[in-house]
Structures are given as C-alpha cells and as structure tokens.
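Written below as structure tokens is the structure these notes are about.
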Amino acid sequence: MLDLLIRNANLPDGRTGLDIAVKGGRIVEIAPSMAADAAKVIDAAGRLVSPPFVDPHFHMDATLSLGLPRLNRSGTLLEGIALWGELKPILTQEAVIERALRYCDLAVAQGLLHIRSHVDICDDRLLAVEALLEVKRRVAPYIDLQLVAFPQDGLYRSPNAERNLLKSLDMGVDVVGGIPHFERTMSDGALSVRRLCEIAAERGLRVDLHCDESDDPLSRHVETLAAEAIRLGLQGRIVGSHLTSMHSMDNYYVSKLIPLMAEAGVHAVANPLINITLQGRHDTYPKRRGMTRVPELLAGGVNVAFGQDCMMDPWYSMGSADMLEVAHMAVHVGQMTSLSAMRTAFDCVTVNSARAIGIEDYGLEVGKAAHLVILQARDAIEAIRQKPTRLTVIRGGKVIAETAPRRTSLTLDGRPETVDPADYAPPLNA
C-alpha cells in the first residue's frame, strides 16, 4: 500500500500522463497508469507537478518591515542600506521572528519550500542571527532554511564584522557571506573576498557573496571570487549573487570572465525584481536595467538561479514569495522568450536554484524526497506565463497546503459558464 499516489501528472521536463508513487516520504516510482493502491490518491488531471520552488537569495531578517522606521523615498540601494541601519537598533527578536514566520506561511502557500536567507551580522547583539536560528528550528518540518552570515556594512568597513561573522558561524549559521563592493576601496573589497573564502575553506562551508551589485563596469570582484574558488578548492561551493556590474562591462572582458566563472564552478544568482528596480538609478536615458547577463552565463556553462531577494522591506515595497513572478520578470528583462529559454527560466527557480545552494535530496526522481507542488497549469511555460494557483503543496508525501482552483463564472449569452485560465492556450510542442 502506497502512502500517496498522484495520477495523470505532467512533469517540467515535458513528460505527460505519469503517475507518481510515494511511500515513506519518498518517490518510489514514476510510470504511466500504475496498478496500485494508496492511502491517498490525487488526480493531477493533466496539470504540472513540480519539485518545490527554491529561493537561493532572500533577506528574511528585513522582510515585512516596510515603513519602519520610514519609507525609502529615493528607491535606491544606498538609501535602503542606510534605512536598514536606522532600523537595526530598534529591532526586537520577537518582531523579527514574527515577521519571518508570517513570510514562511506565505512561502508554503506558494510552494516555496527551500530558502537561503542572508542575515546581517554587523549588529553586535547578533539579534537577527538568534532570531532566524529560532525561525529555522521552528520551520524545519516544512521549509529548509539556510542562513548566510552577511556583513551588510562590509567585512573591513564595519569594525567588528569579522568577529561577529565567526561567532555567527559558531552559533550555527550555514554559509559565509560578504559584500566586497561596499568596502571603502576596490583593494579592500578584493581582500575581503580572499579572507571570506579562506574562512569557508577552513570550516568546510559554502560561500555566497553579494558581488558587484553596482552599475560600475570596473566592479569586478567576481573575478577574484572565481580565482579564490580555484585556489582554495571551493569549486561548486561558491555563489556570486546579483553580479549586476556585468550588464555594463565590455564584451571582451566578459568573454574572459564567463569561462573563468565556469572553470571555478561559481553559481550565479540574479534577482530580477530587485536588480531592475535598484540599478540604473544614476542614468537618464538610455537607462540600464541592471540584471546580469543570464543568457550568456547559461550559454557559457555557468549554473544560473533566480532569487526573490526582498519583500516589503527597505529596498523593495512589493513581493509575494512567488518564484514564478521572479522567473516571469527574468524572461522579460533577459529577453528569454524562446520556448527553450522559458523552460530554462523555470529551472532557474527549481533545479538550478537547488544546485546553487547545495540541496541534494531534491527533484522529481525515484528515491528523492517527496516534496512536490501541483500547479493549475499544464507545463512549465504556461506556469511562467500565468503564475498559476498552487493547488497542492506536498512535503515528505504529506499535503501541507491546498488552494481551490482559480475559476471564474461567466454570465454571457452563448459563451462558457466558467473560465479556467489553464484551458485558454494552445499546447506548446515546438
């Protein structure tokens, strides 16, 4: 007897009409028309079943703090950082925990079950670190939450940052973070990359740096990051997040940089919603849009993932914990509108993101954990286009969230009585 059987599912890789069998919290078989009994049977009815969404870049310590202590009037990255500096002294652990838990509730509803969050360690109290470690403990039954020790004010620019970072790692934070472009000089930025990678190598940890989040084409810390990955044997364990200066670099330099990143196994995380909002603020016209060179990185063999980054905080007044909204924006900004590129964009919020942050027990494969999402869409392209309802969210073979299908009743002479968005598009077989 199976614990769960999902019938007539379409998969993100294009396979259709498959049954997914689950027992003991794991996928035990994927095949058409299984003759099997199960304690619970769900008819996917030709809808898309996906592994859960993965957000490889978020700031949970700041989420849902919009308007505290004031709004970001200019909408710039630097005012957001300054505003966060004003908010930190008045944070309470209880408030950080409550806002983070509320965000996690929304994430589950959106089928987002894996999150990597940066947590600022430049407050000597390490209040946010303690708060998010408690959140990580509480949400562990339903969300995998990784924490990055993030020196928001700069490893060398902030007097106690390295001490606090090391203490945070000792407390149980998972990943070494940094922000080299926010150091006072380019040379200090390069030194911070070197030191942070050394700390990670010494402790056997991963690295995730806010890297070159700038319109300045001479902000090239990702080059140092790649070189340090090779020097210290960190290939595949390093993420360069944002990388927005690449949108302003000359093509010749990028033609050298991308192969170096691929050789070093650097994962690239773009944050489309935030990158296009915060970058290009000093431009009149033409105005740069900020997102890194996603198609070129993918073509060069670099694993690319998309992050949400912010939701209703000092940097971004919108957001919905919907990784398909993130992919939808990336498709437009990156001009990724071919069918194959749109399918890849879906991967950038699922399998590519899982690879970037080192999730091994992930995917729609026999033997993997039965973490699944059933969407009100037929395929990955339709999912990005419509940002559909997450009908069922499953964790370890157990349903943890359900939403009624989106249907609209019509009272129009000679027209259908109801509209289901998934029925209003031709199949995409090309």
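Throughout, read-outs are computed from the coordinates displayed, never taken from laboratory work. Everything numeric in this text was worked out from a predicted model, so none of it was measured. Heads up, the Cβs are rebuilt from the backbone with ideal geometry, glycines too, and the neighbour counts pull from every protein chain shown.
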GNM on the chain, C-alpha springs below 10 Å: top fluctuator among GLU202, GLU134, GLU325?
GLU202
The stretch 356-430: GluC sites (Glu not before Pro) falling in loop per DSSP and having at most 11 other Cβ within 10 Å:
GLU360, GLU365, GLU417
Under a point spin-label approximation (7 Å from Cα along Cα-to-Cβ), what is the ILE230-THR418 distance to one decimal in nm?
5.9
In degrees between 0 and 90, to the nearest 10, how far off the longest principal axis of the chain does helix 221-232 point, with axes built from Cα atoms?
90
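Averaging sequence separations of C-alpha pairs under 8 Å and six or more residues apart, then dividing by the length of the chain, give the relative contact order as a whole percent.
Details: 968 pairs, mean separation 77.3, N = 430.
Relative CO of the chain lands at 18 percent.
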Let me know the number of lysine pairs in the chain closer than 30 Å at the Cα, not counting same-chain pairs under 8 apart.
20
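Nearest 5 is fine: what % of DSSP beta bridges in the chain come out antiparallel, could you say? Don't skip to the end; give the middle numbers.
Values: 23 of 59 bridges.
If I count the DSSP bridges inside the chain, around 40 percent turn out antiparallel.
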Tell me the angle of helix 127-139 to the major Cα principal axis of the chain, expressed in degrees between 0 and 90 and rounded to the nearest ten.
20
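If you stretched the chain out fully between ASN160 and TYR285, how much longer would it get, using 0.36 nm times the residue separation minus the C-alpha to C-alpha distance?
Values: separation 125, 0.36 × 125 = 45.00 nm, distance 4.09 nm.
Extra length available between ASN160 and TYR285 comes to 40.9 nm.
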With label points built 7 Å along Cα→Cβ from the Cα atoms of SER338 and LYS256, find their separation and express it in nm.
2.9
Per-peptide average of other Cβ atoms within 10 Å, ordering 243-254, 144-155 highest first
144-155, 243-254
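Stokes-Einstein at 37 °C, 0.692 mPa s, Kirkwood radius from Cα pairs: D for the stretch 232-362 in µm² s⁻¹? Walk me through the numbers on the way to the answer.
Working: Rh = 15.2 Å.
The estimated diffusion coefficient comes to 216 µm²/s.
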How much of the pair distance distribution for the stretch 15-93 lies past 16 Å, counting alpha-carbon pairs only, in percent?
67
If I fit a long axis through the Cα atoms of helix 323-333 and take the longest principal axis of the Cα atoms of the chain, what angle between them do I get, 0 to 90°, rounded to 10?
70
